[in-house]
């Protein structure tokens, strides 16, 4: 699971602390998930996917907007 945390923060371009703030948990919780001390709950994994999807959507939206405004 620790790889999922690392991949998520890298893909989103944020720190573990910022990720924790986005999903409403303490940064120590994300740290424990990352280190494999505590298993990452399914709801958190789904939140990671939602955040990544939102980022992709916003990127595509911006690209389209930029293209329209040329």
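Of the residues in region 1-12, how many are within 20 Å of residue 58 (Cβ to Cβ) and either over 11 Å from the mean Cα position of the chain (by Cα) or touching a residue at least 12 places away in the same chain (Cβ under 8 Å) (or both)?
Filtering region 1-12 down to residues within 20 Å of residue 58 (Cβ to Cβ) leaves 7-12.
In the following step, the residues that additionally are either over 11 Å from the mean Cα position of the chain (by Cα) or touching a residue at least 12 places away in the same chain (Cβ under 8 Å) (or both) were identified as 8, 11-12.
Number satisfying all stated conditions: 3.
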**Asked** If you go through region 15-37 one residue at a time, do you hit one that is under 11 Å from the mean Cα position of the chain (by Cα) and in a loop (DSSP other than H, G, I, E, B)?
**Response** yes
**Subset of region 19-37 [closer than 15 Å to residue 50 by Cα and surrounded by 13 or more Cβ atoms within 10 Å (Cβ to Cβ)]** = 19, 20, 21, 22, 23
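Going residue by residue through region 45-68, is there one that turns out to be in a loop (DSSP other than H, G, I, E, B), modelled with pLDDT under 95 and loosely packed, with under 10 Cβ neighbours inside 10 Å? Full working, then the answer.
Applying the first criterion (in a loop (DSSP other than H, G, I, E, B)) to region 45-68 yields none.
For region 45-68, residues in a loop (DSSP other than H, G, I, E, B), modelled with pLDDT under 95 and loosely packed, with under 10 Cβ neighbours inside 10 Å: absent.
The values are calculated or read from the model by the stated rules, or taken from the named source; none is laboratory data. Keep in mind that what you see is a predicted model, and the values were worked out from it rather than measured. FYI the Cβ positions are ideal-geometry reconstructions off the backbone, even for glycines, and counts take in every protein chain you see.
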